[in-house]
1. Separation between the Thr98 and Ser15 pseudo-spin-labels, each 7 Å from Cα along Cα→Cβ, expressed in nm?
2. Place a +1 charge on the Cβ of each Lys and Arg in segment 2-100 and a -1 charge on the Cβ of each Asp and Glu, then give the dipole magnitude about the Cα centre in debye, rounded to the nearest 20.
Amino acid sequence: MRARRQRVKRSDYLSDALTLLSGWTQDGVQLKRELACDDSQHAALTERIKVAADTLRIRPSIRRTDGHTQICLGDRDGDTLTDGEVALAARIEDFYRTVTAPHGP
C-alpha cells in the first residue's frame, strides 16, 4: 500500500512540473516542443541538449525544419514519462533562453 502512495506522489510531482513547462505538449508518453531559432542558435542549443541528455541517459529526437527546432522526449513504446525527461525539458527551456538572449555590445 505504501508503494502505491509513493507512486501517486511522484505522478503528482511530474504533473505539477509539466504545468510549469509552457509550450511543451504531451502526446501519450512523449513531450514535444518546437522552438524558433536560426542555424547558429540551433547548433548551440543542440550541443547543450546533448550534454544534458547524456548525463541523464536520455536520447531526445532533435530535428531542424523550416527555421524551427523540433524536440521530442520520451520513448513511444514506454509506459510513462520519467522525471529525467521532465527535468530535461526544463533544462531545454533554460538553454533556449540562453542561446536566444540578445548579446550586449
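Please treat every number below as a calculation from the coordinates, not as lab data. The model shown is predicted, which means the values in this text are computed figures rather than measured ones. Cβ coordinates were reconstructed from backbone atoms using ideal geometry, including for glycine residues, and neighbour counts include every protein chain displayed.
1. If labels sit at Thr98 and Ser15, their model points lie 3.2 nm apart.
2. Working: 17 positive and 16 negative charges, 113 e Å.
About 540 debye.
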